[in-house]
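Visitor: I am attaching a structure below and will ask some questions about it afterwards.
The values are calculated or read from the model by the stated rules, or taken from the named source; none is laboratory data. Not measured: the values here are computed from a predicted model. Cβ sites come from the backbone with ideal geometry, for glycine too, and all protein chains shown count toward neighbours. Protein only, heavy atoms only, side chains kept; ligands, DNA and RNA dropped before computing areas. Shrake-Rupley method; radii C 1.70, N 1.55, O 1.52, S 1.80 Å.
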Number of protein chains: 6
Amino acid sequence: MYELGVVYRRIERAEAPVADELAAFGSATVHEAMGRVGLMKPVLRPIYAGAQVSGTAVTVLLQPGDNWMLHVAAEQIRPGDIVVAAVTAESTDGFFGDLLATSFKARGARALVIDGGCRDVKTLTEMRFPVWSRAVSAKGTVKATLGSVNIPVVCAGALVRPGDVIVADDDGVVCVPRALAAATLDAARKREANEADKRAKLASGVLGLDMYKMREPLAAAGLRYID
Amino acid sequence: MYELGVVYRRIERAEAPVADELAAFGSATVHEAMGRVGLMKPVLRPIYAGAQVSGTAVTVLLQPGDNWMLHVAAEQIRPGDIVVAAVTAESTDGFFGDLLATSFKARGARALVIDGGCRDVKTLTEMRFPVWSRAVSAKGTVKATLGSVNIPVVCAGALVRPGDVIVADDDGVVCVPRALAAATLDAARKREANEADKRAKLASGVLGLDMYKMREPLAAAGLRYID
Amino acid sequence: MYELGVVYRRIERAEAPVADELAAFGSATVHEAMGRVGLMKPVLRPIYAGAQVSGTAVTVLLQPGDNWMLHVAAEQIRPGDIVVAAVTAESTDGFFGDLLATSFKARGARALVIDGGCRDVKTLTEMRFPVWSRAVSAKGTVKATLGSVNIPVVCAGALVRPGDVIVADDDGVVCVPRALAAATLDAARKREANEADKRAKLASGVLGLDMYKMREPLAAAGLRYID
Amino acid sequence: MYELGVVYRRIERAEAPVADELAAFGSATVHEAMGRVGLMKPVLRPIYAGAQVSGTAVTVLLQPGDNWMLHVAAEQIRPGDIVVAAVTAESTDGFFGDLLATSFKARGARALVIDGGCRDVKTLTEMRFPVWSRAVSAKGTVKATLGSVNIPVVCAGALVRPGDVIVADDDGVVCVPRALAAATLDAARKREANEADKRAKLASGVLGLDMYKMREPLAAAGLRYID
Amino acid sequence: MYELGVVYRRIERAEAPVADELAAFGSATVHEAMGRVGLMKPVLRPIYAGAQVSGTAVTVLLQPGDNWMLHVAAEQIRPGDIVVAAVTAESTDGFFGDLLATSFKARGARALVIDGGCRDVKTLTEMRFPVWSRAVSAKGTVKATLGSVNIPVVCAGALVRPGDVIVADDDGVVCVPRALAAATLDAARKREANEADKRAKLASGVLGLDMYKMREPLAAAGLRYID
Amino acid sequence: MYELGVVYRRIERAEAPVADELAAFGSATVHEAMGRVGLMKPVLRPIYAGAQVSGTAVTVLLQPGDNWMLHVAAEQIRPGDIVVAAVTAESTDGFFGDLLATSFKARGARALVIDGGCRDVKTLTEMRFPVWSRAVSAKGTVKATLGSVNIPVVCAGALVRPGDVIVADDDGVVCVPRALAAATLDAARKREANEADKRAKLASGVLGLDMYKMREPLAAAGLRYID
């Protein structure tokens, strides 16, 4: 599936205003707006609570226990990007730490999403450079085997193409294909508009059963109430 | 084991003063007070640190990837309840988010314990609506298949009957059967009374070996000291 | 591998100044300074963020679901020690809580590292007694079967001998053999000296590709750039 | 939830002919016949392929790393029983081996279902004494702490009451409550009767889409075919 | 990432002779021949040992706990196909059993690869219809929510497009993109030709150190021999 | 803990007759004979059922995803050895296949125990070269980074020194330190002698409760029988 040993320098990124605005909706709403697809598996967790970002994907394919390609990827970062790193086999090693974070930040990266481990999390938290990772591990890595940069990768079960939009927060990480970004933003706005109204009704004690008109389909499905 | 498609509207809840007071002792002490039984597996974790609650159980049985019955359950909540949701198969989907939390809170629920996933955790943390869950996931769910409300359920390995008392904090979640709630409260009070005294002794440098009179049984078991 | 039912009272500890100073470098740097060995598996996690300690190991071998030997170990603690507890089988039970922590602290222990579960984490956090554990669980343990104190143990995959230096922080836990402690401290200091300079360069936008002179080996390995 | 230190000697077993006949239908069909409930989690696996049994449950609650109560349970076994063992915490230790199997078999037990580990699997396979377990492990256990026999237990997520019917095969283990055993047998027979006919149709090339009349509901749900 | 509710009826399959011949080389050799990419994660295991197949992929996207789309997929199967089923969330339910296998076989399918659970494994083994799955579970599924057929899917971490070649055996499952199938077959043949010769040398006692000329690079990397 | 980049050519092996004879007792009995220590974690499983071996350990430390040192180890194998391979981080890659097995076998190795993955399991099964591994995976490995041969390693949680005795069968893998091998063999013989007698009694219907005289200690522990 993967082409190894290549770096694509020219990628088409989703439009910046769209990519930027999606952050505000969060991964759950964006995931709904896309029709409940595109989500990475929940094994990826943020290294600290509260970060909420979006940006365009620079993708990296790593070999297990080897972070060489993250250095190669740094050169391809443009302001507003989020680096998405897949690994060719499961690995919890600490591929990424504060030095790489300093470099990524200087290049304009907003976050790292990695299907592997991360370290220096105390410093990364102080720097406010958010990382979503499969593990935290002090274990360092070697620089010996090639992977690739800016090829399509599968990260935590989701297909990510370079230039796609990544939305990440405490709930997880979702990938919005570049071609669907604008439509997804529209759909997310509509959902959000509805939500404020719904929230007010529910807070006042209205039941979802009534608000969503569920009583009839529940009865049709055979739900019985017993006193 | 399970009856599907039913909602029991009348359940006998443990007495409110007992259910309320158990929170102060925490899950570890209550678990000890019950003779070390009734604990849910430690895969359930709180979405934020520091919450400590108790209340009477409204139980829900969900189908994997389907949160329909949580809406049905909302109507059965009374002030002081904690909703306990089991799933018929392992699922990490985000069954519960801020809209349902708003509704549960408006009905008087104190918390949710769910053997599945939860989402909108940033908002839930701001709302201070505590959830103990198996996972955090942005993945939404459908509303297509019936489960049940207020039947006995197995949640994270523990049997919970509607009306039982749930005690949850950073250490985990314990279920106290309704019939044992008063006796458990008594036993917890006695343990707690002893603990302050023990803590002072240990803080002053007295060893548990002496305080608990362990030296003799250790020697009897064959412990040897080597210099 | 293990001798059961024994307590070694005389152990040779690494020199205190060396053991103390290693904390400042953190587990990732110390792990690098040792040549990327000695790390415990990342299943061990701190019960709260931000603790960073080092000290000399008092080792304990526990039986699953039984914390008797932690009481025996308390007597062997000297100021500056970190207790390292292995278990003869995987167990997530709460072997350690606030009473034992009070006792350990009174004896001068700086932390506990346990390949099992821990409880009372809210109180432990308030006490600022750090624990690295495999799980958090309210489940209590019995006191029925002997293990040992101050024998070599394997904790989360790492061999720890009594008197070795333990370094633990948010990234994990590393064990430095007593005989290598001084040399490791030297190596850690050298790494750290280099890091400040590297960080400044990377922050100014210099790429790791250039700073580490990676372009040539990458080309030699066959990396191709595609525009 | 659990009463510790007790042995119930008188239990009401499901009727033998019903308990015996359910084996032939297998766990999947019985699980369907009950309305898709009562199944143990798939972490329980048979120690060898091909066994297919049913029988009445003698239940045991074990402490982690302690198999004392299996010896107590042996005395309560009657011909046609299946022993179902739960553990108060997750444990992969080898609670059961060829000596206990010899004893259980002599008492008339047909199988063991255990939410823990098993050992001597080569001998057990030669003896044709089937075990469904969470793990295989050579690790032995102690005999130090009481559990109970013939109380309701939660085994691999399923509630089992003494006297319930257990059906186990390569697909897993299902528990049929005593009161539902006869009705479940009827339902299983009906399903089976249908299945032979369905199998013949499908083997001849008829599609499930047509046989189950799914085309209309699929279209109603919005399925689109693209050429 | 995924388009829901669609069935692509026209897919371009890899050429049959190429797809058929790859089976003989096995997943490990094909994976090497592709440059060590395209492998599904080793959580997928065969339900019985010894099956070794290849074929062209018909892809299915399932919802957790719902096997409706497998019935839809059956109609799209042509002789020589292997069905590859992804699920939108982790699920171990038994999506597939002997009735569906009968139908798939009647349509000419050679195997199923599913990132979920499978049941009726005893019958499937007797039918010699091989399945690679994440779990074996008696748990049945509903038919309530749409997925898709013949869209690109991520199955156990690997991207599979309809018409790609699947190679599966006891070592695992590898996906060969349609466009690379012929080149991969050539590369596999070359590897295999070499292997017989290597095997003979190694069997005669020649060391890999000498046969692969590793002594020099090992010395260059700093390997020291100590007597 | 580990010395990297070294090969110890001279190791002291346990005496061959002792190492050879231990196989007959199996891992469970040997583990008991040692006092219930020395066992590897049950994540290691045999690639086929029925193998039962013992031999002297040649140890290898591997880097994740890199099998270079297995080739280095091959040269150090003597007839009667079992290769024990640890990895510096968790890895399920297929480090070992039929070519290395051919070489190991030619050198006189009896088995491989590896805390990582294995491939070509069909061929290994036909060759009857047994492997205990953490996973089966077609994923190949590189040859880029040094580890060591014949240093003490931690494999699946157990410390193994070169020359120790390894006993492995369907129940798992146990390591007997060289210095304890003769005493362990004696203890195993005594256990075995007892077991035949016990088995006969249990088969005749005598209860373990009576044979092991458990009734009194059970009553002392408070066990109550309820009719």
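Visitor: Hey, among E:GLY35, E:GLY26, which residue is within 14 Å of chain A (Cβ to nearest Cβ), of a type outside the set (S, T, N, Q) and on the phi > 0 side of the Ramachandran plot?
Guide: Details: E:GLY26 fails: within 14 Å of chain A (Cβ to nearest Cβ).
None of the other options fit; the residue is E:GLY35.
Visitor: Let me ask another. For a quick check of your reading: which strands (runs of 3 or more DSSP E) sit entirely within region C:1-114 and have at least 1 residues that are open to solvent by 20 Å² or more (accessible area, probe 1.4 Å) and in contact with a helix residue (DSSP H, G or I) (Cβ under 7 Å, 6 or more places away or on another chain)? Please lay out each step first, then the result.
Guide: On the way: elements: C:6-8, C:53-62, C:81-87.
Those strands (runs of 3 or more DSSP E) span C:53-62.
Visitor: Tell me which of these D:ASP197 doesn't satisfy, since it passes every other one: (1) open to solvent by 60 Å² or more (accessible area, probe 1.4 Å); (2) within 7 Å of chain E (Cβ to nearest Cβ).
Guide: Only one criterion in (1) open to solvent by 60 Å² or more (accessible area, probe 1.4 Å); (2) within 7 Å of chain E (Cβ to nearest Cβ) is unmet by D:ASP197, namely (2).
Visitor: Which members of region F:211-222 meet the condition of being facing chain D (nearest Cβ under 9 Å) and under 22 Å from D:PRO162 (Cβ atoms)?
Guide: F:MET214, F:LEU218, F:ALA221, F:GLY222
Visitor: Since F:GLY157 meets every condition but one in (1) open to solvent by 10 Å² or more (accessible area, probe 1.4 Å); (2) within 18 Å of the chain's Cα centre (by Cα); (3) at pLDDT 95 or above, which condition does it not meet?
Guide: (3)
Visitor: On to the next question. Those residues that are touching a residue at least 60 places away in the same chain (Cβ under 8 Å) and in contact with a Gly (Cβ under 7 Å, 6 or more places away or on another chain), I need them from region A:140-164; list them, please.
Guide: The answer is A:THR141, A:VAL142, A:LEU146, A:SER148, A:VAL154, A:GLY157, A:ALA158.
Visitor: May I pose another question? Out of region A:126-141, which residues are over 18 Å from A:VAL174 (Cα atoms), open to solvent by less than 40 Å² (accessible area, probe 1.4 Å) and not in a loop (DSSP other than H, G, I, E, B)? I'd like the intermediate steps shown before the answer.
Guide: Going through region A:126-141, the residues over 18 Å from A:VAL174 (Cα atoms) turn out to be A:126-129, A:135-141.
The next check asks that each one be open to solvent by less than 40 Å² (accessible area, probe 1.4 Å); those that pass are A:129, A:135-141.
Answer for region A:126-141, where residues must be over 18 Å from A:VAL174 (Cα atoms), open to solvent by less than 40 Å² (accessible area, probe 1.4 Å) and not in a loop (DSSP other than H, G, I, E, B): A:ALA135, A:VAL136.
Visitor: Could I ask something else about it? Can you run down the residue pairs with Cβ atoms below 8 Å, 6 or more apart or on separate chains, where the first is in region D:27-52 and over 18 Å from B:SER91 (Cβ atoms) and without any contact (Cβ under 8 Å) to a residue 40 or more places away in the chain and the partner is part of a loop (DSSP other than H, G, I, E, B) and open to solvent by 10 Å² or more (accessible area, probe 1.4 Å)?
Guide: Close Cβ pairs satisfying both conditions: D:GLY35/B:TYR2; D:GLY35/B:LEU4.
Visitor: Taking the options A:TYR2, A:TYR8, name whichever one is in contact with a strand residue (DSSP E or B) (Cβ under 7 Å, 6 or more places away or on another chain) and within 14 Å of chain E (Cβ to nearest Cβ).
Guide: Working: A:TYR8 fails: within 14 Å of chain E (Cβ to nearest Cβ).
The conditions single out A:TYR2.
Visitor: Looking at region A:53-63, which of the residues that are within 14 Å of chain E (Cβ to nearest Cβ) and hydrophobic (A, V, I, L, M, F, W, C) is farthest from A:THR88 (Cα to Cα)? Steps first, answer last, please.
Guide: Our first condition is that a residue be within 14 Å of chain E (Cβ to nearest Cβ); within region A:53-63, this holds for A:57, A:59, A:61-63.
Next cut, hydrophobic (A, V, I, L, M, F, W, C) only: A:57, A:61-62.
Values: A:ALA57: 18, A:LEU61: 7, A:LEU62: 6 Å.
The extreme case among them is A:ALA57.
Visitor: Could you tell me how many of the residues in region B:143-154 are more than 8 Å from every other protein chain (Cβ to nearest Cβ) and either within 13 Å of B:LEU62 (Cβ to Cβ) or surrounded by fewer than 22 Cβ atoms within 10 Å (Cβ to Cβ) (or both)? Write out each step before concluding.
Guide: Initial filter on region B:143-154 (more than 8 Å from every other protein chain (Cβ to nearest Cβ)): B:147-151, B:153.
Right, trim to either within 13 Å of B:LEU62 (Cβ to Cβ) or surrounded by fewer than 22 Cβ atoms within 10 Å (Cβ to Cβ) (or both) and you get B:147-149, B:151, B:153.
Matching residues across region B:143-154 total 5.
Visitor: If you don't mind, there's one more thing I want to ask. If I go through region A:204-222 residue by residue, how many of them are farther than 18 Å from B:ALA101 by Cα and open to solvent by 50 Å² or more (accessible area, probe 1.4 Å)?
Guide: Residues flagged as farther than 18 Å from B:ALA101 by Cα and open to solvent by 50 Å² or more (accessible area, probe 1.4 Å) within region A:204-222 amount to 7.
Conditions tested, residue by residue: (1) facing another protein chain (nearest Cβ under 9 Å); (2) open to solvent by 10 Å² or more (accessible area, probe 1.4 Å); (3) at pLDDT below 95; (4) over 28 Å from E:MET40 (Cβ atoms).
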position	(1), (2), (3), (4)
E:ALA168	no, no, no, no
E:ARG178	no, yes, no, no
E:ASP186	no, yes, no, no
E:LYS190	no, yes, yes, no
E:LEU202	yes, no, no, yes
E:ARG224	yes, yes, no, yes
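Visitor: Further, regarding this structure: Between residues in region A:176-203 that are within 17 Å of A:ARG36 (Cα to Cα) and in contact (Cβ under 8 Å) with a residue 40 or more places away in the chain and residues that are of a type in the set (Gly, Ala, Ser) and open to solvent by less than 60 Å² (accessible area, probe 1.4 Å), which pairs lie under 6 Å by C-beta distance while being six or more apart or on different chains?
Guide: Here the result reads A:ARG178/A:ALA14; A:ARG178/A:GLY163; A:ALA181/A:ALA14; A:THR184/A:ALA33; A:ALA187/A:ALA33; A:ALA188/A:ALA33; A:ARG191/A:ALA33, each pair linking region A:176-203 to a residue that is of a type in the set (Gly, Ala, Ser) and open to solvent by less than 60 Å² (accessible area, probe 1.4 Å).
Visitor: Hey, does region E:78-97 have a residue that's of a type in the set (Phe, Trp, Tyr), more than 9 Å from every other protein chain (Cβ to nearest Cβ) and in contact with a strand residue (DSSP E or B) (Cβ under 7 Å, 6 or more places away or on another chain)?
Guide: The initial filter retains those residues of region E:78-97 that are of a type in the set (Phe, Trp, Tyr), namely E:95-96.
From what is left, the residues that are more than 9 Å from every other protein chain (Cβ to nearest Cβ) are E:95-96.
Keeping just the survivors that are in contact with a strand residue (DSSP E or B) (Cβ under 7 Å, 6 or more places away or on another chain) gives E:95-96.
Within region E:78-97, one or more residues are of a type in the set (Phe, Trp, Tyr), more than 9 Å from every other protein chain (Cβ to nearest Cβ) and in contact with a strand residue (DSSP E or B) (Cβ under 7 Å, 6 or more places away or on another chain).
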